[in-house]
């Protein structure tokens, strides 16, 4: 008696087809799992970057400085104000009279045609102004002398530049063509990459 052929042992049998289908399904599932893992990793990295950016922006907002300069007639002075919420690190300053840089207040007063005495001063260059701090960088002691100084400064003290940075190393330039008297609506503060290295002759040293 002859034995009937066993279809399951023959190549191309239904058993082989079922094995191939199972292997194909396993490969597809493995690929989907790999793709899902890749998507999860990418989303996690995105969330981490987004969170880091948000945290950095929050820190920037917490240490943001903003300097402004103006005359204080009650105090008979030119005063620098830090109206920001973080310390301002002043790395350089310039004061011009009739377009010429001046090294200190003695030279400023002389260039304005005024007596180079009867005033007090506070350091500006390389100073650190805390949030809310005001620094009278020049204070004229006599009332009449201040009126003469104010009038001459409005006419001839044409430009004051202050370069400063935050504690995060972000820097700005405050440039004011009207340090005394009328303030224009022009932008006074502009971001800069870093504090510039100025020639010695152009630096105001108080």
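Regarding residue 169, is this residue over 24 Å from the mean Cα position of the chain (by Cα) and part of a loop (DSSP other than H, G, I, E, B)? No. Considering the range 111-133, and only residues there that are in a strand (DSSP E or B) and touching a residue at least 60 places away in the same chain (Cβ under 8 Å), the residue that is surrounded by the most Cβ atoms within 10 Å (Cβ to Cβ) turns out to be 129.
What are the residues in the range 137-165 that are touching a strand residue (DSSP E or B) at 6+ places or on another chain (Cβ under 8 Å), more than 19 Å from residue 97 (Cα to Cα) and either surrounded by fewer than 20 Cβ atoms within 10 Å (Cβ to Cβ) or not assigned by TED's automatic domain parsing to the domain that holds residue 118 (or both), if any? Passing the criteria: 141, 165. Residues in the range 93-102 that are touching a strand residue (DSSP E or B) at 6+ places or on another chain (Cβ under 9 Å) and not in a strand (DSSP E or B): 99 only. Filtered by the rule that a residue be touching a strand residue (DSSP E or B) at 6+ places or on another chain (Cβ under 8 Å), within 16 Å of residue 132 (Cβ to Cβ) and outside any loop (DSSP other than H, G, I, E, B), the range 62-89 gives 67, 68, 69, 70, 72, 79, 80, 81, 82, 88, 89. Can you tell me which residues in the range 70-85 are more than 20 Å from residue 148 (Cβ to Cβ) and buried (at least 20 other Cβ atoms within 10 Å of the Cβ)? If the condition is that a residue be more than 20 Å from residue 148 (Cβ to Cβ) and buried (at least 20 other Cβ atoms within 10 Å of the Cβ), then 80, 82, 84 are the ones that fit.
The values are calculated or read from the model by the stated rules, or taken from the named source; none is laboratory data. All values derive from a computational prediction rather than experimental measurement. Methodologically, a virtual Cβ is constructed for each residue, glycine included, from the backbone with ideal geometry; neighbour enumeration extends over all protein chains shown.
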